Amino acid sequence: HSHYDTTRAEADPNVVLPLEPLAELVADGLVGSAAATHVGMMGFNPDPGRIVAESAPQVVELFGRDAVDVVVLTPG
């Protein structure tokens, strides 16, 4: 990605998508489970119209089918 310094994300991908900390929360019994599917979207988008109109509703539908209760949003 050319719109931010990716040094930390390259050194530790959990900065962008914290899968290891999530797995620890599940292992510790603080979270029941993690969804089988994770969704990432391009961070820099000067015209988010399609995301709002098309992508976001599809993600909501996907997580609804998977009975997701909580969504973790991370910058990156």
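The values are calculated or read from the model by the stated rules, or taken from the named source; none is laboratory data. Just so it is clear, the model here is predicted, and its values are computed rather than measured. Counting neighbours? That spans all protein chains shown, and the Cβs are built from the backbone with ideal geometry, glycine included. When the accessible area is computed, the model is the full protein with side chains, heavy atoms only, and any ligands, DNA or RNA have been set aside. Shrake-Rupley method; radii C 1.70, N 1.55, O 1.52, S 1.80 Å.
Rank S55, S2 by accessible area, highest first, at a 1.4 Å probe radius?
Numbers: S55 45, S2 105 Å².
The residues order as S2, S55, largest area first.
Tell me the relative contact order for the chain as a rounded percent, counting alpha carbon contacts under 8 Å between residues six or more apart.
Numbers: 22 pairs, mean separation 25.8, N = 76.
That works out to 34 percent.
Give the peptides 19-26, 45-52 in descending order of average Cβ contacts within 10 Å, highest first. Don't skip to the answer; put the middle values down first.
Working: 19-26: 12.6, 45-52: 9.4.
So the order, starting with the most tightly packed, is 19-26, 45-52.
Once you put a point 7 Å from the Cα of V70 and another 7 Å from the Cα of D28, both along the Cβ direction, what distance in nm separates them?
1.2 nm
For the chain, what is the convex hull volume of its Cα atoms per residue in Å³?
Details: hull volume 7.0 nm³, N = 76.
Per-residue hull volume (Cα only) is 93 Å³.
Under a point-charge model restricted to the Cβ atoms of Lys and Arg (+1) and Asp and Glu (-1), what is the dipole moment magnitude of the chain relative to its Cα centre, in debye to the nearest 20? Mind showing how you got there, number by number?
Values: 3 positive and 11 negative charges, 39 e Å.
Using only the charged Cβ atoms, the result is roughly 180 debye.
How large, in percent, is the carbon and sulfur part of the accessible surface of the chain at a probe radius of 1.4 Å?
Details: 3550 of 6150 Å².
Roughly 58 percent of what the probe reaches on the chain is carbon or sulfur.
What number comes out for the charge environment of V31, summing +1 per Lys or Arg and -1 per Asp or Glu over other residues with Cβ under 11 Å away?
Values: positive: none; negative: E24, D28, D69.
Value of the local net charge: -3.
With every protein chain left in place, what is the accessible area per residue of the chain in square angstrom, probe 1.4 Å? Can you show the working numbers first?
Working: 6150 Å² over 76 residues.
It amounts to 81 Å² per residue over the chain.
With a point put 7 Å past each Cα toward its Cβ, work out how far H3 is from L19 in nm, to one decimal.
Going by the 7 Å Cα→Cβ label model, 2.4 nm.
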